[in-house]
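Here is the structure we will look at.
The values are calculated or read from the model by the stated rules, or taken from the named source; none is laboratory data. Fair warning: this is a prediction, and the values are worked out from it, not measured in the lab. Virtual Cβ from ideal backbone geometry, glycine too; neighbours counted across all protein chains shown. Please note that ligands, DNA and RNA were not included when accessible areas were found on the heavy atoms of the full protein model with its side chains. Shrake-Rupley method; radii C 1.70, N 1.55, O 1.52, S 1.80 Å.
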Amino acid sequence: SSSSASKTCYQDAKYCCQRITPLNHHNKKLTDALEVLEKQADFLGGDNNSSRALAFRKASTALKALPKTVRNMREVENLCDLKGGKHCKRVVQEILEEGFSSEVEDIMNDEWFQTVKIFTGVFGCGAATGRKWFDMKLRSLEDVRRCQDINLTTEQKHGLKFYDDINTPVTRHEADVIQQIVAAEAQQILPGTTVTVTGGFSRGKTTGHDVDLLISHPEEGKEEGLLAQILYALHKKDFLEYTDVQNSSYNEAAIRQVKRNQVMDHFERCFSIFRLPKRLIQDRSELNTDQSTVKLGENTLKMSPKDQANTQRPTLAEEGSGDVEDTTNKTQNQDNSDETGNADDRNVRTQSQDAGLLDSKLTPCVDSEATSLNDGVRDWVARRVDLIITPHSQYAYALMGWIGSRMFNRSIRDYANREMNMTLTSHGLFDKTKNALIPAKTQREIFEHLKLQYREPKERNC
Ligand code: 8DG
Ligand code: MN
Ligand code: MN
């Protein structure tokens, strides 16, 4: 039929922001292999290798959008992101014919690759540092810890100390608990503040490497000074192990002359290591991949029945009614209200009220200062948390940026630039033809400005 024909067609569209890229797709074997090649190119570094990394990524992304498992070279030969790539094609062909790629196996067994991979798992260690450590004959984290010849940054010291915790995937449930803790403090400091889980979780991932929280307030300007206050409150309750605060560097000129494919934005933010008390996650840890059980954790937070009755959350019956996609997360909820065009207000209010009511239940029960002196009996796990502050007028753009994926951002920004002569960032959309910034209240409006069909966050897993 014509509708299925158009479906096949847009899955082969030029930009991945025009395609639907689900989290779970049909060609994992091929994309895993291509992503090893991407990673190797990233580790190698330099301009040439970063273009190679992007080519592998684009090929992998194209395969993720295909409606079924590729069995034959003919099915992929004409994909526009594979057409020019001899290397990609060779690897895909090898896997289709042999069941695996010897080149990829070799890379994965390579000492250099394995070691740099371990090193880049250290918070604060990028590919360049990883390579350097390898060149200094270091081969393990113990080697790095013992080495006298390197000046570790504070970040790296923490990265080494909490390596195992930070490299254990964060669960959706943990992300929700952290969101509640932060929202509770934010709510007490400034009622109406919104704290939203973005990043991979908002795209439906059940685990992630960190928790990305976007913080805002419906009244423009009220968000100023908020981050410092939230951090102070969290710090007083011993929730923060490490913080790296970066001030806002936004000005209107910044968005007009954005460097192409620049990932970093200009929001005030804090990259932190969060101390997540084990008691707040224990009783749910076995349920955490089942998204239908992810709620604002009344068990975990020990709310009294009276408090529960006072919250404006949906009833258990409503929540547990089986439609997993409806309960995935707050970001998607907000996107649902995008649809009704009421600028997220209803949802925002509910979230804030929840946070306020839960606040009093969140006092740590153990003296964490005493226990932090002895890591052996730590009663908390270390989690990477990013806190980002956005003024309300930039909220939709910030939300879209921080939902990601990185590749989705890259593609939609390329599209905006090349096809629309516009500059898109996490701060806004600038029309270079009209020489004007285009405001948007919702993500849907952004897609409309770009003349793109709307894609749900869970369809942006490129
Ligand atoms: P993961 O944590 O589940 O592993 O993956 P993720 O959540 O998709 O990646 P992330 O590294 O935590 O970043 C979340 C998104 O935020 C990513 O798609 C890129 C986007 N992003 C911006 N601005 C910035 C910025 O200034 N720095 C970083 N690191 N990410 C940014 O829109
Ligand atoms: Mn993330
Ligand atoms: Mn992050």
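With respect to (1) part of a helix (DSSP H, G or I); (2) open to solvent by less than 30 Å² (accessible area, probe 1.4 Å), the lone exception for residue 164 is condition (2).
Yes or no, residue by residue, for (1) within 30 Å of residue 154 (Cβ to Cβ); (2) in contact with a Leu (Cβ under 8 Å, 6 or more places away or on another chain); (3) open to solvent by less than 80 Å² (accessible area, probe 1.4 Å):
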site: 76; (1), (2), (3): no, yes, yes
site: 79; (1), (2), (3): no, yes, yes
site: 94; (1), (2), (3): no, no, yes
site: 100; (1), (2), (3): no, no, no
site: 104; (1), (2), (3): no, yes, yes
site: 114; (1), (2), (3): yes, no, no
site: 126; (1), (2), (3): yes, no, yes
site: 130; (1), (2), (3): yes, no, yes
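For region 385-399, the set of residues classified as within 16 Å of ligand 2 (Cβ to nearest atom) and surrounded by fewer than 22 Cβ atoms within 10 Å (Cβ to Cβ) consists of 386 only.
Flag: residue 194 does not match the condition of being in contact with a helix residue (DSSP H, G or I) (Cβ under 7 Å, 6 or more places away or on another chain), among the hydroxyl-bearing types (Ser, Thr, Tyr), away from ligand 3 (no atom under 16 Å from the Cβ) and more than 19 Å from residue 267 (Cα to Cα). Against the conditions (1) surrounded by 24 or more Cβ atoms within 10 Å (Cβ to Cβ); (2) within 16 Å of ligand 3 (Cβ to nearest atom), residue 169 satisfies every one except (1).
Take region 239-249 and flag every residue that is of a type in the set (A, V, I, L, M, F, W, C) and away from ligand 1 (no atom under 16 Å from the Cβ). Those that are of a type in the set (A, V, I, L, M, F, W, C) and away from ligand 1 (no atom under 16 Å from the Cβ): 239, 240. Selection of region 193-238 for residues being within 16 Å of ligand 1 (Cβ to nearest atom), in contact with a strand residue (DSSP E or B) (Cβ under 6 Å, 6 or more places away or on another chain) and part of a helix (DSSP H, G or I) yields 199, 200, 201, 227. Scanning region 425-451 for residues that are open to solvent by 20 Å² or more (accessible area, probe 1.4 Å) and either in a strand (DSSP E or B) or on the phi < 0 side of the Ramachandran plot (or both) gives 432, 433, 434, 436, 437, 438, 439, 441, 444, 445, 448, 449. With the requirement that a residue be small (Gly, Ala, Ser), under 16 Å from residue 274 (Cβ atoms) and at pLDDT 95 or above, what does region 371-422 give you? Once the filter is applied, which keeps residues that are small (Gly, Ala, Ser), under 16 Å from residue 274 (Cβ atoms) and at pLDDT 95 or above, region 371-422 yields only 382.
Yes or no, residue by residue, for (1) away from ligand 3 (no atom under 15 Å from the Cβ); (2) in contact with a Lys or Arg (Cβ under 9 Å, 6 or more places away or on another chain); (3) of a type outside the set (Asp, Glu); (4) without any contact (Cβ under 8 Å) to a residue 24 or more places away in the chain:
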site	(1), (2), (3), (4)
175	no, yes, yes, no
182	no, no, yes, no
187	yes, no, yes, no
210	no, yes, no, no
213	no, no, yes, no
220	yes, no, no, no
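For region 101-121, the criterion of a residue being under 23 Å from residue 44 (Cβ atoms), over 22 Å from the mean Cα position of the chain (by Cα) and in a loop (DSSP other than H, G, I, E, B) is satisfied by at least one position. Here is a check on your reading of the model: is residue 54 hydrophobic (A, V, I, L, M, F, W, C) and out of contact with any helix residue (DSSP H, G or I) (no Cβ under 7 Å at 6 or more places or on another chain)? Spelling it out, residue 54 is indeed hydrophobic (A, V, I, L, M, F, W, C) and out of contact with any helix residue (DSSP H, G or I) (no Cβ under 7 Å at 6 or more places or on another chain).
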